[in-house]
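Every number in this text was worked out from the coordinates using simple rules, so none of it is lab data. Keep in mind that this is a model prediction, so the values were computed, not measured. No Cβ is skipped: glycine too gets one built from the backbone with ideal geometry, and neighbour counts run over all protein chains shown.
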Amino acid sequence: MSSSKLRRVRQNVTFLPRPLRRQAESEVDNDDRLRAERQRRLRKRGIYLLPNAFTTAALFCGFFAVVQAMNQQFEMAAIAIFAAMVLDGMDGRVARMTKTQSAFGEQYDSISDMVSFGVAPALVMYEWALKDLGRWGWLAAFVYCAGSALRLARFNTNLNKIDKRFFQGLPSPAAAALIAGFVWLVIDNRIPMKLSWLPWVAFALTLYAGITMVSNAPFYSGKTLDIRYRVPFGVILLVVLAFVLVSSDPPIMLFGLFVLYGLSGYVFWGIRLLHGKANPASKEPQPLE
């Protein structure tokens, strides 16, 4: 190639000295880092809408139950607690399915549970039946409320220390369902509140629920069930049968189901003790060798 050939000069191109080029590239890199940092902070400060919307709805139902109890509308209060229970079960599954779990969501869910399944059932039961027992009535209501708070605190600190298939103590939504189910059952069947034994039955049930929440009895959690996988056809028939039974008489069937669940932990625990097996809900992890 001839040395006399002219070199082509790029047009519309500004050539910068090397120090200035390095400075420009450094400024671009700094802008990219600042933009990434702003996005990271926004993600850290932001919250996920979908699961927290379910949690807020559950919190509203718990507050609505308190308001209805103050207005002497105890049947509506009991139904609101059951609605809160359904919504509370949905927010966790929605968060796991959409991969939107967060530390904020966990803390918000615990506060919502304390209102919906701790304060609301205790107040509903006190206003409905325990108030006539004087100080014994509010003491039973406080035992339930304190048991719910301790149950939630222990659950938040024992997530990695027990068998995932079991709860340590009666879950607070199930305890609230025992209280709300009993109120709904009595009102729906028009059992007169003038019966002398009725407040004492409510007293015993409230104490049982509060104490069982802080016990070591193992209650099946159902977390091993995954709705994303295939199941045998018979399982669908059982689900349909459960809907039919509950819809036939919701107060009786729901209260009966939760009574069975509330006793199942002690029965299972007793069977394991008879066979010399450890309690799966209080088993500590084995140390690493």
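Could you compute the FRET efficiency for residue 158 and residue 201, with r as their C-beta to C-beta distance and R0 at 25 Å, rounded to 0.05? Could you put the intermediate results ahead of the total?
Numbers: r = 32 Å, r/R0 = 1.29.
In this case the efficiency is close to 0.20.
Between region 58-112 and region 237-280, how far is it from one alpha carbon centroid to the other, in angstrom?
22
Report the net charge of residues surrounding residue 213, where surrounding means a beta-carbon distance below 11 angstrom and charges are Lys +1, Arg +1, Asp -1, Glu -1.
Details: positive: 151, 154; negative: none.
Neighbourhood net charge equals +2.
For a test of the definition: using alpha carbon positions, the gyration tensor, and the 1.5 limit on a/c, classify region 47-274 as rounded, prolate or oblate.
Details: a/c = 1.41, a/b = 1.35, b/c = 1.05.
Because its axes are fairly even, with a/c under 1.5, region 47-274 counts as rounded.
Please compute the modelled spin-label separation between residue 233 and residue 278, points set 7 Å along Cα→Cβ, answer in nm with one decimal.
With each label point 7 Å from Cα toward Cβ, the separation is 4.3 nm.
Under the 0.36 nm per residue contour assumption, what length would be gained going from the current alpha-carbon distance of residue 263 and residue 131 to full extension?
Working: separation 132, 0.36 × 132 = 47.52 nm, distance 2.66 nm.
Result: 44.9 nm gained on full extension.
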